[in-house]
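Participant: Here's a structure for you.
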Amino acid sequence: MQRKTIDFLGSFTFIFNDKDWIKKLLITSIFVFLNIFGICFLVGYMMKLFVNIRNKKYDPLPQWDDYGELFKDGLYMILIIFVSVILLGTFEWMLSSIIGHLGIIGEILNKFVDFIFSVIGFAITTYVFFKYAINRDFNKLFDANSFVEFMKMNAVNLVLLYMFSILFSLVAASGLLLFIVGIFITAAYSFFGMTYLAAQLEDESDVIFSEFVR
């Protein structure tokens with residue numbers, strides 16, 4: 001499959017194509033404000049948005065409806081990612097404990113280990129989101145061969161996504177300048193941008209695209 005150009009600018013502007021973007025952004029902001037009580041709905045909605053963007057349905061944005069389905073999808077996704085992160089964190093803790101006995105060298109190595117595992121954790125989280133958002137199939141989530149191929153095919157894409165995640169984090173934090181409450185709006189805006197960008201990157205992957213195209 002011929003690779004396409006990633007629409008970086010679109011991640012900042014696509015939501016404005018929806019005539020109801022203000023309403024949908026404000027509703028999303030409310031769920032950001034609800035924090036732990038709204039995270040399942042928020043993740044479920046972003047999964048729906050992700051699939052729409054992948055299918056080239058940029059406008060309009062998904063409606064905030066069928067809250068039960070959004071909650072269920074978001075809850076499953078969060079649980080899957082949580083289990084993955086716990087397993088990875090446990091392995092990192094065991095490795096760090098062993099390296100910690102090496103004194104000063106061990107402390108330096110542990111810094112490197114922390115960085116490596118943060119990158120691996122980001123890659124795993126991205127991979128799981130791609131897999132489950134599109135297929136809703138638990139059985140395909142923990143296929144080691146598929147994950148390795150995903151990493152090989154998307155190394156550059158994952159670096160780009162990681163860089164933009166930092167950029168959108170700064171965008172989200174800028175809401176503090178808007179009398180603090182603005183952070184909920186800028187955080188919601190960042191969720192939209194990252195979801196759009198993630199869908200663009202996923203479309204660049206021969207492995208993921210060829211496997212999931214319908």
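Quick note: the coordinates plus some simple rules give every number you see, no bench work behind them. In this text, all values refer to a predicted model and were calculated from it rather than measured experimentally. Every residue, glycine as well, gets a Cβ built from its backbone with ideal geometry; the counts of neighbours run over all protein chains shown.
Participant: Which residue, LYS57, LYS111, LYS72, tops the fluctuation ranking in a GNM of the chain built on C-alpha contacts under 10 Å?
Facilitator: Its mean-square fluctuation being the largest, the pick is LYS111.
Participant: For the Cα atoms of the chain, what angle does the longest principal axis make with the long axis of helix 104-135, in degrees from 0 to 90, nearest 10?
Facilitator: 40 degrees
Participant: Given LYS72/LYS140; LYS19/LYS72; LYS19/LYS56, which pairs have Cα atoms separated by over 24 Å?
Facilitator: LYS19/LYS72
Participant: Oh, and also: Take every Cα pair under 8 Å in the stretch 10-212 that's 6+ residues apart, average their separations, divide by the length, and report that relative contact order as a whole percent.
Facilitator: Worked out over the stretch 10-212, it gives 27 percent.
Participant: Return a whole-number percent for the relative contact order of the stretch 93-195, with Cα pairs under 8 Å and 6 or more residues apart as the contact set.
Facilitator: Worked out over the stretch 93-195, it gives 14 percent.
Participant: Hey, what does the equivalent ellipsoid look like for the chain, semi-axes from the Cα gyration tensor as sqrt of 5 times each eigenvalue, largest first, whole Å?
Facilitator: 30, 22, 17
Participant: So, by mean Cβ neighbours within 10 angstrom, what's the order for 41-48, 168-175 with the highest one leading?
Facilitator: 41-48, 168-175
Participant: By how many degrees, 0 to 90 and rounded to 10, does the Cα axis of helix 39-54 deviate from the longest principal axis of the chain?
Facilitator: Relative to the chain, helix 39-54 is tipped by roughly 80 degrees.
Participant: Projected onto the charge dipole of the chain (+1 at Lys/Arg Cβ, -1 at Asp/Glu Cβ, origin at the Cα centre), which of PHE164, GLY193, ILE15 gives the Cα projection farthest towards the positive end?
Facilitator: Ranked along the dipole, the leading option is ILE15.
Participant: Right, next: Let me spell out the model: positive unit charges on the Cβ of Lys and Arg, negative unit charges on the Cβ of Asp and Glu, origin at the Cα centre of the chain. What dipole size does that give, in debye rounded to 20?
Facilitator: For this selection, approximately 280 debye.
Participant: Separate question: Angle, helix 155-173 long axis vs. longest principal axis of the chain, Cα atoms, 0 to 90°, nearest 10?
Facilitator: 60 degrees
Participant: Moving on to the next point. What nm value, rounded to one decimal, do you get for the distance between PHE112 and LEU87 when each label is placed 7 Å out toward the C-beta?
Facilitator: In this crude spin-label approximation the distance works out to 2.7 nm.
Participant: Based on the mean of other Cβ atoms within 10 Å per residue, sort peptides 96-105, 75-84, 126-135 so the most packed one is first.
Facilitator: Packing proxy ranking, top to bottom: 126-135, 75-84, 96-105.
Participant: A further question on this structure: Roughly how many debye, to the nearest 20, is the charge dipole of the stretch 103-193 about its Cα centre, given +1 on each Lys and Arg Cβ, -1 on each Asp and Glu Cβ, and no other charges?
Facilitator: 160 debye
Participant: Now for a separate question. Distance between Cα centroids, the stretch 67-83 to the stretch 11-65: provide it in whole Å.
Facilitator: A separation of 16 Å, based on Cα centres.
Participant: With springs only between Cα atoms under 10 Å apart, run a GNM on the chain and tell me which of PHE91, PHE50, PHE12 wobbles the most.
Facilitator: PHE91
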